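To start, the structure itself, in structure tokens.
Readers should treat all values here as calculations from the given coordinates under stated rules, not as data from a laboratory. Here the structure is a predicted model, which means the values were calculated and not measured. Reconstructed Cβ throughout: ideal geometry from the backbone, glycine too, with neighbour counts over all protein chains shown.
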Amino acid sequence: MTDVSKLIDAASSGDPQAASELLPLVYDELRRLAAARMAQEKPGQTLDATALVHEAYLKLVGDRAFNDRQHFFRVAAEAMRQILVDRAKRQRRLKHGGDRDQVALFDAASIADSQPDDLLALNEALERFAVVDPLKAELVKLRYFVGLSEIQAADALKISRATASRYWTFARAWLIRAMDEP
């Protein structure tokens, strides 16, 4: 069990010292993941890695308890996804250039060239996919929105790398088809 996992366990049990020690460790790793994700964004974005981490952190703190390190990062992936989707919705509005033509998202593995409409289409498809296959949808969230590698995502979901690879291939094909549907 890693130090982070031990601190999560202790903090979940009500240890205030563990909670204060956990925050800097988790924050640094979230910052690294967010920096990797935001490095793929087009230059000149109004949201940077620090802002993404701060917004995600605000969603994570409070009365939530986390079972372990993997659970924490799964919740963080969902928080980051929601932040990026909310940002895309704001940008979509007419006053933010929302009258642009929609461009199809051909590669669900890269957010770099995504327009707000593309991200919203992916999010809608991902919500439908989560009903069909929640585990594969969770893999997409970890890989696409948090930027975890295949191995890191497999570890977070407690599945093998080979299974993660198969799930990723299936999920990408399903989402691309779903996004092409009217």
Checklist line | Ranked packing of 22-30, 141-149, 118-126, most packed first, by mean Cβ within 10 Å | finding: 141-149, 118-126, 22-30
Next item on the list: Would you kindly derive the ³J(HN,Hα) couplings of region 167-172 from the backbone phi angles with the Karplus curve 6.51 cos²θ - 1.76 cosθ + 1.60 (θ = phi - 60°), listing them in order in whole Hz, with x for Gly and Pro?
Entry: 4, 5, 4, 5, 4, 4
Next item on the list: With θ set to phi - 60°, apply the Karplus curve 6.51 cos²θ - 1.76 cosθ + 1.60 along region 66-81 and write out the HN-Hα couplings as whole Hz, x wherever there is a Gly or Pro.
Entry: 10, 5, 6, 4, 4, 4, 4, 6, 5, 5, 5, 4, 5, 5, 5, 4
